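Student: This is the structure, below, for whatever I ask next.
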């Protein structure tokens, strides 16, 4: 990890940090705006206390990444809005609980004295209970702040820019510099916000108006200073507007997204990359024009989206898929890029020799002795169901990994079989044997370039992107993946390699 590598990552910090800070502060502000009045209400209406706190507790038990993912289909969009709603919900429990606890914990003698001098219920709340409960309430806000800052790093898979972009892309491409900058930045932001909130808490405890104003002013300055670079970096500076490019969470997709970004920038557009999204989220985002284009695979559309189980010829799949995308979703399939990245079951070469494994049918006979690993999606995809059904596979255990760790797992003998990607450079480097699929349980996976209904009306964009059709071979894509995964070169170097090879 060199200083140059760190410096390259720091160039991205203003945009990532600004968006992360804006997301965090707005979510906290909304959480405070909702939960403090709600907490006051449930202390007055005792029958609401248990159900409201129980619901908040249940929402808190939902894993952050799951809550973020749920917001996408509920709201019908990706990006900032679903992330904001999910993070706001995630802030509820500590703020709401501490508001209720703080108000209920006010000395009954003080409350009785206030009533004795004729205070109304509202006067009691605003002049006695809330001021006395304020330190406890702010302590809850402080807890929520740290939680929201950390959870906001998970917003990347739903298309929201945050410091999580560093972590997710760094993990996929094994870029230690990106992971380090992302983790350190998120930790530092959490510490700074926590300390500023603590200052407000101390001011409330000491009844110091000056200290409270200073803390709030510091928070405002931090927000303005952090968000300003992100806002200015998002201003269009090209007359043709911005092209939003999506990608899935593995190396090849990051490379292709960078390649598409280079092309649209050269053509006079701005580029906005939304990386690390799942297949279905990405497709839905394209359908509603939340993103403009991305590279998908015919097998994914055929089985996961079209729900087709038959496997006709490669040409027929491409033709029928192209027509279906246009008819059903208004999506333009611009064509195949020229390479195929199919799912394939792979084992170590030594294991293949020991058990005489050439095909998946051979593997099925001994599968009960082995553990299989895969990425997050594969075991829930129709392709896996087809493999199980066709070959009667029965593994000892099934384990899911981040795609970047899956190859390391088989190389270190943590699993015996993986669902490899056929264009991955690590297949040869790790001496993996790709098993044949004689019954063709898995359909072809030709890489295709898809454009949203809105972008499919932009003839200039279509003409610029058409240059990619049929321009990338299997060996070229495999080499580009190897550049990032094994040679540890940056993604833009691999994209530049593909760009020069296609010219």
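The values are calculated or read from the model by the stated rules, or taken from the named source; none is laboratory data. Note that the structure is predicted; figures quoted are calculated from it, not measured. Using ideal geometry, Cβ is built from the backbone for each residue, glycine included, and neighbour counts are taken over all protein chains shown.
Student: Do you know which residues across the range 410-421 are in contact with a strand residue (DSSP E or B) (Cβ under 9 Å, 6 or more places away or on another chain) and surrounded by fewer than 18 Cβ atoms within 10 Å (Cβ to Cβ)?
Tutor: Narrowing the range 410-421 to residues in contact with a strand residue (DSSP E or B) (Cβ under 9 Å, 6 or more places away or on another chain): 410-411, 413-421.
Across the range 410-421, the qualifying residues are 411, 413, 414.
Student: Kindly indicate the residue of the range 430-482 that is without any contact (Cβ under 8 Å) to a residue 40 or more places away in the chain and under 16 Å from residue 260 (Cβ atoms) and also surrounded by the most Cβ atoms within 10 Å (Cβ to Cβ) among those meeting that condition.
Tutor: That would be 458.
Student: Only residues that are surrounded by fewer than 16 Cβ atoms within 10 Å (Cβ to Cβ) and modelled with pLDDT under 85: list them for the range 160-197, please.
Tutor: 176 - this is the single residue of the range 160-197 that is surrounded by fewer than 16 Cβ atoms within 10 Å (Cβ to Cβ) and modelled with pLDDT under 85.
Student: Go through 133, 144 for me and flag whichever is over 24 Å from residue 79 (Cβ atoms), touching a residue at least 24 places away in the same chain (Cβ under 8 Å), out of contact with any strand residue (DSSP E or B) (no Cβ under 6 Å at 6 or more places or on another chain) and in a helix (DSSP H, G or I). I'd like the intermediate steps shown before the answer.
Tutor: Working: 144 fails: over 24 Å from residue 79 (Cβ atoms).
Just a single option satisfies the conditions, and that option is 133.
Student: Of these, 157, 94, which one is assigned by TED's automatic domain parsing to the domain that holds residue 10, out of contact with any strand residue (DSSP E or B) (no Cβ under 9 Å at 6 or more places or on another chain), at pLDDT 90 or above and in a helix (DSSP H, G or I)?
Tutor: Unique residue meeting the criteria: 94.
Student: May I pose another question? Run residue 179 past the list (1) farther than 28 Å from residue 255 by Cα; (2) free of Cβ contacts under 8 Å to residues at least 60 places away in the same chain and report the number of the one that doesn't hold.
Tutor: Going through (1) farther than 28 Å from residue 255 by Cα; (2) free of Cβ contacts under 8 Å to residues at least 60 places away in the same chain one by one, residue 179 breaks only (1).
Student: Are any residues in the range 367-403 closer than 19 Å to residue 481 by Cβ and crowded, with 18+ Cβ neighbours inside 10 Å, and if so, which ones?
Tutor: 373, 374, 375, 377, 378, 401, 403
Student: Now for a different question. May I ask you to verify whether residue 77 is over 17 Å from residue 201 (Cβ atoms) and either surrounded by 22 or more Cβ atoms within 10 Å (Cβ to Cβ) or within 23 Å of the chain's Cα centre (by Cα) (or both)?
Tutor: On the way: over 17 Å from residue 201 (Cβ atoms): yes; either surrounded by 22 or more Cβ atoms within 10 Å (Cβ to Cβ) or within 23 Å of the chain's Cα centre (by Cα) (or both): yes.
Yes, satisfied.
Student: Test residue 86 against the stated conditions and say whether it is part of a helix (DSSP H, G or I), within 16 Å of the chain's Cα centre (by Cα), assigned by TED's automatic domain parsing to the domain that holds residue 131 and under 27 Å from residue 196 (Cβ atoms).
Tutor: Here the answer is yes, as residue 86 does meet what is asked.
Student: Is it the case that some residue within the range 419-427 is in a helix (DSSP H, G or I), within 18 Å of residue 342 (Cα to Cα) and either at pLDDT 90 or above or not assigned by TED's automatic domain parsing to the domain that holds residue 305 (or both)?
Tutor: yes
Student: Can I ask one more? Is it the case, given these coordinates, that residue 359 is outside the structural domain of residue 303 (by TED's automatic domain parsing) and closer than 27 Å to residue 472 by Cα?
Tutor: no
Student: In addition: Restricting the search to the range 461-503, which residues are farther than 21 Å from residue 297 by Cα and part of a loop (DSSP other than H, G, I, E, B)?
Tutor: 486, 487, 488, 489, 490, 503
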